[in-house]
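Remarks on the structure that follows.
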Amino acid sequence: QVQLVESGGGLVQPGGSLRLSCAASGKIGSIEAMGWYRQAPGKQRELVATIPRTGSTNYADSVKGRFTISRDNSKKTVYLQMNSLKPEAAAVYYCNADIISPSTLWRKKVWGPGTQVTVSS
């Protein structure tokens, strides 16, 4: 079935930058919205940013002006450029995508396994 493969996570210093990538593969009719979520220790999973197939992006207030979500539809990939990283940005980041089944044309949400982002000096 559909898989999301994430890359780009790791250790970064406060104020530094990191770019996450998430590529979709498998039996895909089309990809509608894609997004990034994160979950820090002791916290609930929260939305970071979303991007529709076309149209405007959406960001959590905590990352506005510092994070940028983008996508390359030809590569079936969504990116999250993270600049001016703060320690509170440390979390497991999860990629998700709304996939349209080529057979049923139904939409389902697919999640990646999560990738660790650590912000520390």
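Laid out as a table, the results:
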| quantity | calculated |
| --- | --- |
| Distance from the range 1-54 to the range 65-121 (C-alpha centre basis), Å | 1 Å |
| Cα-based Rg and Dmax for the range 56-121, where Dmax is the largest Cα-Cα distance (Å) | 14.5, 49 |
| Candidates SER74, SER25, SER17: whichever shows maximal mean-square fluctuation once the chain is modelled as a Gaussian network with Cα springs under 10 Å | SER74 |
| Candidate lysines - alpha carbon under 26 Å from LYS64, same-chain residues fewer than 8 apart omitted | LYS43, LYS75, LYS76, LYS86, LYS109 |
| DSSP bridge pairs, the chain: antiparallel proportion in percent, nearest 5 | 95 percent |
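Since every read-out is calculated from the coordinates, none of them should be taken as a lab result. Keep in mind the model is a prediction, meaning the values are calculated, not measured.
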